[in-house]
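Okay, so here's the structure we're looking at.
The values are calculated or read from the model by the stated rules, or taken from the named source; none is laboratory data. The structure displayed is predicted, hence computed values, not measured ones. Note that each Cβ is placed from the backbone with ideal geometry, even for glycine, and that neighbours are counted across all protein chains shown. We work out accessible area using only protein heavy atoms, side chains counted, and drop any ligands, DNA or RNA first. Shrake-Rupley method; radii C 1.70, N 1.55, O 1.52, S 1.80 Å.
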Amino acid sequence: MSRLRRRAALTGVVVAGVLLAGCGSGHSPSMLDAKGSESRHIAGLWWLMFAIACGVYAIVAGFIVVAVLRRPAVTSETEPDPAGRRFDDRMVVFGGVVVPILVLVVLAVVTVTTTNALRRPESDALHVDVVGKRWWWAVTYPSVHFTTANELRLPAGRPIEIRLTSDNVIHSFWVPQLAGKVDTIPGQTNLLRFVARTPGTYKGECAEFCGVQHTHMGFIVRVQSPGDFDRWLTQHSRPALEPASEPAAQGEAAFNAQSCAGCHTIAGTPAAGTLGPDLTDIGERETLGAGALTNTPDNLARWITDAPGAKPGVLMPELDLSPRDVQSIVAYLESLK
Ligand code: CUA
């Protein structure tokens, strides 16, 4: 094997290794690990496209190998063979026109069929409203007027209809394991319909570059059994409970006395701001700042005092609070479940 060929083969192995290393990562949700009816349609279409692409690649690569190995013994003196020329012309028409048209027609029909299957409305669907904010998601269950942020709970097996819009730039709502991605567009409502089949926790991401914190615009979808979901929704159709501990009660007073209540809502309290996320159930959320920090008391204290330090560009300003106020507000917010 020549040095050039050895180098080419080595480069091929390295590139394949790097590409396959990405497939092995367990941290990113994969649309091929489908857990919903619609995501299964999409995964099926993906596998069909992959199979066709592999077939086309194998045939083209095979022709290249044959062409390299079987060099025609043609010199400037030999006459071209007319029968061979006709065969070559027919192969060009068949391989360059007929086969691509067949492949594209099959893919077009399957793609349109799959797309139509994703848009079918259901009469008993659970409605959820989602608004793409400047790097977080506002989530409302209109049947009980409950609003939360960055975390959705959904019942397994029931049709879901999510109405999506944005109040700033275009974002894209994507839970790879449950459904396809749908853009959230200012002034327009787009619909995402699917059925989540398997209870579990699924990661969602903003799939459209939307500014400096596009990376930290994640969300979580918890799919529960219908009974657990109904209990959760009933619990959250009521206003937040009165603080049970003394520090939490002090925290509620500090929250309403400081600027917090001007930007955030906590149902059943005087806090009714709409600029930032609704905090009625903040104590049970997994993350802060749409995935910027894990929701722990220490991180919550950090977020309250210096949100721009944890998520540069965020609308929430630095707050100059006394350590005692910070501690009591953290106790209050962590108690909201
Ligand atoms: Cu929102 Cu990217």
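Odds and ends about this structure:
- Strands (runs of 3 or more DSSP E) wholly inside the range 126-209 that include at least 1 residues being basic (Lys, Arg) and more than 14 Å from the ligand (Cβ to nearest atom): 151-155, 159-166, 190-195, 200-206
- The residue that is farthest from Arg324 (Cα to Cα), among those in the range 211-266 that are in contact with a Lys or Arg (Cβ under 8 Å, 6 or more places away or on another chain) and of a type in the set (Gly, Ala, Ser), is Gly211.
- Within the range 211-232, the set of residues being open to solvent by less than 20 Å² (accessible area, probe 1.4 Å) and among the aliphatic types (A, V, I, L, M) comprises Met217, Ile220, Val221, Val223.
- Restricting Ala108, Ala156, Ala149 to residues that are within 16 Å of the chain's Cα centre (by Cα) and either of a type in the set (A, V, I, L, M, F, W, C) or farther than 19 Å from Gly276 by Cβ (or both) narrows the list to Ala149.
- Single residue of the range 316-337 satisfying the filter (surrounded by fewer than 14 Cβ atoms within 10 Å (Cβ to Cβ) and more than 12 Å from Gln250 (Cβ to Cβ)) that is farthest from the chain's Cα centre (by Cα): Pro323
- Checking each residue in the range 210-226 for being part of a strand (DSSP E or B) and either more than 18 Å from Asp124 (Cβ to Cβ) or modelled with pLDDT under 95 (or both) picks out Phe219, Ile220, Val221, Arg222.
Rundown of residues vs (1) out of contact with any Lys or Arg (no Cβ under 8 Å at 6 or more places or on another chain); (2) under 30 Å from Asp167 (Cβ atoms); (3) open to solvent by less than 60 Å² (accessible area, probe 1.4 Å); (4) not assigned by TED's automatic domain parsing to the domain that holds Gln213, yes/no style:
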{"residue": "Pro29", "(1), (2), (3), (4)": "no, yes, yes, yes"}
{"residue": "Ile42", "(1), (2), (3), (4)": "yes, yes, yes, yes"}
{"residue": "Ile52", "(1), (2), (3), (4)": "yes, no, yes, yes"}
{"residue": "Asp89", "(1), (2), (3), (4)": "yes, no, no, yes"}
{"residue": "Val97", "(1), (2), (3), (4)": "yes, no, no, yes"}
{"residue": "Val110", "(1), (2), (3), (4)": "yes, no, yes, yes"}
{"residue": "Thr113", "(1), (2), (3), (4)": "yes, no, no, yes"}
{"residue": "Trp137", "(1), (2), (3), (4)": "yes, yes, yes, no"}
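- Number of positions in the range 235-253 that are at pLDDT 80 or above and either open to solvent by 80 Å² or more (accessible area, probe 1.4 Å) or under 36 Å from the mean Cα position of the chain (by Cα) (or both): 11
- Residue satisfying all of: in the range 210-238; small (Gly, Ala, Ser) and within 19 Å of Ile282 (Cβ to Cβ); farthest from the ligand (Cβ to nearest atom) among these: Ser237
- Applying the set (1) of a type outside the set (Asp, Glu); (2) assigned to a helix (DSSP H, G or I); (3) within 16 Å of the ligand (Cβ to nearest atom) to Val106 leaves exactly one unmet item: (3).
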